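> I have a structure I would like to understand better, so I am pasting it below and will then ask my questions one at a time.
Bear in mind these aren't lab numbers, they're just calculated from the coordinates by the rules spelled out. Quick caveat, the model's predicted, so the values are computed rather than measured. Positions of Cβ are backbone-derived with ideal geometry, glycine not excepted, and every protein chain shown enters the neighbour counts.
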Amino acid sequence: MFMRSRNTDFDRRMRAAVLAGGLAALAPVAVRGAELDTNIVLNPGFELVNTGQTGPFDAVRILDWIDTDGDNDDTFAYAYSQDYSGVNEPPGAGTYHYSGGFNTTVGQVLIHQVVDVSTGTAAGTIATGIALYDLSAYFSGYLTQPDSTAVRARFLGAGDVELGTSLTIGGVSFRSGLGFMSGRPDWGQDRAAGSIPEGTLSIAVEVLADVATANHDGYLDLIDLRVIKPDVLTLRVSASSGSTQLVNNSGSPIEIDYYEILHPGGSLDPTGWSSLMDQDFEGGGPPQSPRVGDGWEEAGGSSATVLSESFLQGSSVITHGQVIDLGDAFSGAPAGTIFSFGTPDGTLFRGLVEILTFVLGDMNGDGALDAFDVAPFELALANPAQYMAQFPGLDPVERGDFTGDGSFNAFDVSPFEVALASASTPVPEPATLTLLGLGLLALRRRQAS
């Protein structure tokens, strides 16, 4: 049982929030960072209650939800032991479920909360415009009464401007399809998924009365709202060299039959682009002439603003961790790039764009030129394949070409040593540098001979 002071403060905060300007003006309830693929709803199963404050039919006060109309008669839960709801409890249900509210009208937003998604791992994915939502909940009711609730999510941007509304789940159409046992409705789960608008900073989760009577018996439990990052490809571009790669770090294989790179500012370079067609990526031999779509083929009209190609009669699977070099596809600044790819079912996904900016000589990819780059530099020079296996996605030529001649070789050793000696970060002991220099000098002489 919570202390009375906690309950009094909660009621005061609810009324103050409503008086301050209604739902759109409410500060987010959740102040923690929203994480990917995690239920971001507070008290989703209505288990956090104040048993010291009861309502009609021995209902108990729910915490972490706001009574939208401010009369404080809708934030209540029933215990499953009261046997008002369906006979088969939802998997994972606890002690309580939502009561449905009291003195309600059809269409009324009974309770709500506003979840901050401007921080945490969810925020980064939402900012890319590829984030998805997965919304689900369990619904039931009392005996044969038609009372039903619905749940929806509204996506809010800067200034609480609504950017979009998710599909509504539950409601009378779902409630009417639930089975009955001994005259009591079963519990059933409804679910919806879709895209989260880019620019979303918070999400308002709302419980509505879809069909209502004075003592509303549209029961609800286990609301679950997640921000999902789909399995997408990443286009990795070096801001310094224009080198471009397709990277799959999603955790799953991705099958594609189309991709396009757009840059409205005209920074693309069709001549530097090494397309999948150029590479005979699918292994079917050079493209036939005239083209018949026998493999990957460049789309017509490649330019400084668009590069694209498709596999008309098949597709390619890019495994997790695979990196595909697309050559120097950029001749200018890559900021503003839009990357999309298509799957065999006809869906077009927006991929991620990763722009690399790094210090020359940062061979281990930690963002600094320091002593920790010595061993990777030596490895890259002696065994490039092993270096790239140990540091996937890092181009030894791109990071180690101190002479600027387009290659990575022994002639880059001295400039690298000079750069290390003048770096503000810690450098190896002199003995280490001397041994490195002697070893690479010998390699340089062998290469020169």
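> With a cut-off of 8 Å between alpha carbons and a minimum separation of six or more residues, what is the relative contact order of the range 106-197 in percent?
36
> Treat every Asp and Glu Cβ in the range 74-177 as -1 and every Lys and Arg Cβ as +1, leave all other atoms uncharged, and give the resulting dipole magnitude about the Cα centre to the nearest 20 debye.
160
> How large is ³J(HN,Hα), in whole Hz, for each residue of the range 235-249 in order, when computed from phi with the Karplus curve 6.51 cos²θ - 1.76 cosθ + 1.60 and θ = phi - 60°, using x for Gly and Pro?
Values per residue, Gly and Pro as x: 9, 9, 10, 8, 5, 7, 10, x, 5, 9, 9, 8, 10, 10, 10 Hz.
> Please list, ordered by chain and number, the residues whose modelled amide H lies under 5 Å from the amide H of residue 309; skip anything fewer than 5 residues away on the same chain.
259, 299
> Beta carbons within 10 angstrom, averaged per residue: use that to sort the peptides 408-417, 216-225, highest first.
Going from most to least packed, we get 216-225, 408-417.
> Given charges of +1 on the Cβ of Lys and Arg and -1 on the Cβ of Asp and Glu, with all other atoms neutral, how large is the dipole of the range 137-270 about its Cα centre, in debye to the nearest 20?
For the range 137-270, the charge dipole is close to 160 debye.
> On to the next question. Compute the FRET efficiency between residue 331 and residue 162 as 1/(1 + (r/R0)^6), taking r as their Cβ-Cβ distance and R0 = 41 Å, and round to the nearest 0.05.
Efficiency at R0 = 41 Å is approximately 0.50.
> Highest mean first, how do 133-140, 395-402, 358-365 rank when packing is the count of other Cβ atoms within 10 Å averaged over residues?
The peptides rank, most packed first, as 133-140, 395-402, 358-365.
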